[in-house]
1. Which of the listed residues, Ile208, Gly281, Ser155, is farthest toward the dipole's positive end in the chain, when Lys, Arg count +1 and Asp, Glu count -1 at the beta-carbon?
2. Going from the alpha-carbon gyration tensor of region 160-209, what semi-axes, largest first and in whole Å, does one get by taking the root of 5 times each eigenvalue?
3. Rounding to the nearest 20 debye, state how big the charge dipole of region 370-449 is about its Cα centre with +1 on each Lys and Arg Cβ and -1 on each Asp and Glu Cβ.
4. What are the GluC sites (Glu not before Pro) within region 123-212 that DSSP puts in a loop, where the Cβ has at most 11 other Cβ atoms within 10 Å?
5. Stokes-Einstein D for region 399-466 at 10 °C, 1.306 mPa s, Kirkwood Rh over Cα pairs, in µm²/s?
6. Can you sort His57, His89, His374 by how many other beta carbons sit within 10 Å, fewest first?
7. Take Glu113, Glu248 and order them by how many other Cβ atoms sit within 10 Å, fewest up front.
8. Checking a compactness column here: for the chain, what do you get for Rg(Cα) / (2.2 N^0.38 Å), N being the number of residues?
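Just so you know, all these numbers are worked out from the coordinates, no wet-lab data involved. Bear in mind the structure is a predicted one, so any value in this text is a computation, not a measurement. Note that each Cβ is placed from the backbone with ideal geometry, even for glycine, and that neighbours are counted across all protein chains shown.
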Amino acid sequence: MEKYDVAILGAGMSGIAAGIRLAHFGKRVCIFERHYAPGGLNSFYAKDGRKFDVGLHAMTNFVKPGVKGAPLNRILKQLRIRREDLGLHEQIGSRVAFPGRDLRFTNDVGVLESEIAREFPREIDGFQKLVHAVKSFDDTEFNYPYQSAREIARSCIGDPLLEDMLFCPLMYYGSATEDDMDFGQFAVMFKSIFLEGFARPLDGIRNIIKILLQRYKSAGGIRRMKTGVSQIRVSNEKVDRLILDDGEEVEADIVLSSAGLPETLSLCSPSMGGKAESNVGQLSFTETISIFDKSPDRFGWGEDTIIFFNSRDRFAYRASEDPVDLTSGVICIPNNFEYGDLGLPEGIVRVTCLANYDTWKSYSETEYTKNKEHWRPLIWDAARRFMPDTDLSYDSDCIAHDMFTPKTVERYTWKRRGAIYGAPQKAKDGSTPVANLFVCGTDQGFLGIVGSMMSGIAMANTHALR
């Protein structure tokens, strides 16, 4: 029977980062991935000769080189990756768009401050008070108590519209709970989006995955693709062995799972899985990816990198009652980063909205295809209301497209109910009821590309290297 110091479930960002860290220190580590492609929630696929990113809109937490204590610079040091190899390009500028109000922001928080001073002049002192509370929060401490982010924000900011406009990007990019967030999660997301910022490699997520896998292989790590774990055998409250999908059994002193907390416990036993059932995430999304034969700046959409939009009087972030909630969402235009003379060969527009898992899961194959075609132009029309007027014709100018739904997410990531941000209740220190079984990634609590890698490193350091 094969024996490892550490077995890692899932070749997503957190799993690979954990594997690199462990391999650097001589651990015999193996990553088991059921899918044929690495990356987990942040991966890519090919269709009709094109590469499509999934997950990554932008890498958050972008800072300039040399900023001490910044998460991006910390992970690069711990993974021994050269910053220039990532090929990161900063955003042009993003905005939060509500009826009659826009707030622009860039990688310079001063832009957001000036926008708030213009749109909400009475709230600038309150905003600065909120920024101070965020900066004061110690996000290296795992076991902080729950605090309502809404309550803390309201103690600083009096205008509910500004409150909603600040919460909208943070929730869409990292909240597993409806309408509120744990303040710790809020602080992490606020820092990563508003105080640090967005960047993207020209080739998208593929370049980041390639660099991580090269680093993992060169450090001596083992990776087994299309090899899932069907059962975690537990004896005396410890992992005894892993049963793979083909029946093979392997042993490991420590198991680190990025599969999600309820999903991992369900592999241990029906009773553990049953107890975790109430902690399965309920929030999922659909996304359309539209390809055009010209760059967005050619049809007047060259100024916005990412737009977080909402058409209601108040922003509502909750499980959709309709197959797709068209009242809010995220528009990402990958062309609109500072690529200089490089640029992307085609125009790309991605639109993400909240969706109803149960409805999409219930469709027959024919109904599923029909409804994707029904909702795709409706999603486009909902987003277009928040973009500059253009004579662009979606029917004639869109040369390729694709769409994912909650069903797609569940199928390719095995996240229950297609819940991209996982369980509402996180295992902040990574621990589970099984002594040598730990979780990393989404359900440990750090989100996004940088956050996922931070989670993998932190859990490897805490549970396998100390």
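1. With unit charges placed on the Cβ atoms, the residue in question is Ile208.
2. Computed over region 160-209, the values are 25, 12, 10 Å.
3. Magnitude of the dipole: close to 540 debye.
4. Those satisfying the criteria are Glu141.
5. 119
6. Final ranking by Cβ density, sparse to dense: His374, His89, His57.
7. Ordered from fewest to most neighbouring Cβ atoms within 10 Å, Glu113, Glu248 come out as Glu248, Glu113.
8. Dividing the Cα Rg of the chain by 2.2 N^0.38 Å gives 0.95.
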